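The values are calculated or read from the model by the stated rules, or taken from the named source; none is laboratory data. These numbers come from a predicted model, not from an experiment. Positions of Cβ are backbone-derived with ideal geometry, glycine not excepted, and every protein chain shown enters the neighbour counts. Heads up: the accessible areas ignore ligands, DNA and RNA and are worked out on the full protein's heavy atoms, side chains in. Shrake-Rupley method; radii C 1.70, N 1.55, O 1.52, S 1.80 Å.
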Amino acid sequence: MNKQILGRILAIAALLAPWMVQAQQDPMFTHFTYNKLFYNPAYAGASGQYCLNAITHQQWLGFDDQTSFLRTQNGDPINMDLDKMRTNIAPQTMGLGFSAPAIYKDKNYGGASFSYVSDKIGYESSLYMKGGIALAYPMLDGSNIRLGVDFANVTKSLDGTGLRAHDPNDPMIPSGEVNDSKTTLGLGAYYTTPNIMDGAYIGLSATNMTPQTFVYGASGTVTAMTKRHYYLVAGYKQESFLGNPALVLEPAMLIKSAANSGFIKPQLDLQGMVTWNDLFAGGANFRVYGTGVESFSLMFGYYPPLLGNAAGATQRLRVGYSYDIPMNNLIRSQSGTHEIQINYCFTFTLPERPVKVYRHPRWMERSPEFD
């Protein structure tokens, strides 16, 4: 029955994705299953280990600033300083995250997290500093329901020196680099169960729950507004895939959307990874937007054996790489998207308190039952 319920949830979500909810402001990752902390605060401590995450996403490499080819209505070239032009104005994202579990008597009751994300698109950059907590309710069947909240300090910057105005002294174009900082809120829920396949999960979260308006410059003529973003992630694990005990299948899906006077058309990521002997992994990710495939990604993973990587190991290191190939007209003007991610999880236990031995002069020998 549990398998049927999960299957129906995944099928309905996939069918409704293209119709439920166009533009996204939050950073985007292909390795979303290994970096849930960046968009769902309820995931903090969910693994039961202390985890460090690092990721870099270089999108659409070679997507250059082409405004040097612009001309005025009279046909004259626009006067601009080419030295200030960036060779690559495509999105560039880097993130670091850390989470710690709250475990008492071998039960997971929540966790805490901290994350840092730097996201650049063109001449605008965003810096996210997040701190969050999660509370969990462990159930008798091994399932776990988690609720999380995080607070983010967001700093947005605009480099006006790289922008070219059609009209000189345009007040809408800043003359230098300007920035503004605001605080926003994120919420999330996350559910895991060992009773579906060999482990399944589903999470629902939202960022920018308190939308903010960023003002660039003292004049206030240039502003940027954040919108609420919503995420639905789900997946499961199947051991002994194809009857081979050395293979583990991990399919997953992610639906991303934003709200702007209603839901905006979402992106749907469908992903599948197969791991061999807890050492090598390979798979693919399809990113769907509307009714067409936006990109196709090849994904690879490696679990270095130097830490004794294995299922249930006290230390676990994973290195992943993906290469995204656009399936639209952008393929003509860039050389693909590269992403590298590193996850390192470990356990930490306090040493047991030493037992003090007391001796009495009436007993010169210690009874073996106390050894």
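Could you grab me the full set of residues in the stretch 277-297 that are surrounded by fewer than 15 Cβ atoms within 10 Å (Cβ to Cβ) and in a strand (DSSP E or B)?
Phe280, Gly282, Ala284, Gly292, Phe296
Given the residues Tyr34, Tyr43, Tyr109, Tyr39, which is the only one that is modelled with pLDDT of 55 or more, in contact with a Pro (Cβ under 8 Å, 6 or more places away or on another chain) and surrounded by 13 or more Cβ atoms within 10 Å (Cβ to Cβ)?
Every option except Tyr109 fails the conditions.
Among the residues of the stretch 119-141 satisfying the criterion of being of a type outside the set (A, V, I, L, M) and within 23 Å of Ala200 (Cβ to Cβ), which is surrounded by the most Cβ atoms within 10 Å (Cβ to Cβ)?
Taking the stretch 119-141 and keeping what is of a type outside the set (A, V, I, L, M), we get 119-120, 122-126, 128, 130-132, 137-138, 141.
This time we only want the ones that are within 23 Å of Ala200 (Cβ to Cβ), so: 137-138, 141.
Working: Tyr137: 14, Pro138: 16, Asp141: 10.
This residue is Pro138.
Only one of Asn144, Asn153 is open to solvent by 60 Å² or more (accessible area, probe 1.4 Å) and modelled with pLDDT of 80 or more; which? Give the derivation first.
On the way: Asn144 fails: open to solvent by 60 Å² or more (accessible area, probe 1.4 Å).
Exactly one of Asn144, Asn153 is open to solvent by 60 Å² or more (accessible area, probe 1.4 Å) and modelled with pLDDT of 80 or more, namely Asn153.
For Asn169, state whether it is part of a strand (DSSP E or B) and either surrounded by fewer than 18 Cβ atoms within 10 Å (Cβ to Cβ) or out of contact with any Pro (no Cβ under 6 Å at 6 or more places or on another chain) (or both). Let's see the steps before the verdict.
On the way: part of a strand (DSSP E or B): no; either surrounded by fewer than 18 Cβ atoms within 10 Å (Cβ to Cβ) or out of contact with any Pro (no Cβ under 6 Å at 6 or more places or on another chain) (or both): yes.
It is false that Asn169 is part of a strand (DSSP E or B) and either surrounded by fewer than 18 Cβ atoms within 10 Å (Cβ to Cβ) or out of contact with any Pro (no Cβ under 6 Å at 6 or more places or on another chain) (or both).
Please name all residue pairs, on different chains or six or more residues apart, with Cβ atoms under 7 Å, provided the first residue is in the stretch 45-57 and is on the phi > 0 side of the Ramachandran plot and the second residue is among the hydroxyl-bearing types (Ser, Thr, Tyr) and buried (at least 18 other Cβ atoms within 10 Å of the Cβ).
Every condition considered, the pairs that remain are Gly45/Ser99.
Checking the conditions here, which among Lys130, Lys120, Lys156 is in a strand (DSSP E or B) and over 18 Å from the mean Cα position of the chain (by Cα)?
Values: Lys130 fails: over 18 Å from the mean Cα position of the chain (by Cα); Lys120 fails: over 18 Å from the mean Cα position of the chain (by Cα).
Of Lys130, Lys120, Lys156, the one residue that is in a strand (DSSP E or B) and over 18 Å from the mean Cα position of the chain (by Cα) is Lys156.
Can you tell me how many residues within the stretch 172-195 are over 24 Å from the mean Cα position of the chain (by Cα) and either at positive phi or open to solvent by 50 Å² or more (accessible area, probe 1.4 Å) (or both)?
Going through the stretch 172-195 one residue at a time, the tally reaches 6.
Please state which one of Val248, Val222 is modelled with pLDDT of 85 or more and among the aliphatic types (A, V, I, L, M). Explain how you work it out, then say what you get.
Values: Val222 fails: modelled with pLDDT of 85 or more.
Unique residue meeting the criteria: Val248.
Just give me the residues in the stretch 336-371 being surrounded by 11 or more Cβ atoms within 10 Å (Cβ to Cβ) and either in a loop (DSSP other than H, G, I, E, B) or at pLDDT below 70 (or both), in sequence order. Give the steps one after another, and end with the answer.
Start the filter on the stretch 336-371 by keeping residues that are surrounded by 11 or more Cβ atoms within 10 Å (Cβ to Cβ), which leaves 336-347.
Across the stretch 336-371, the qualifying residues are Gly336, Thr347.
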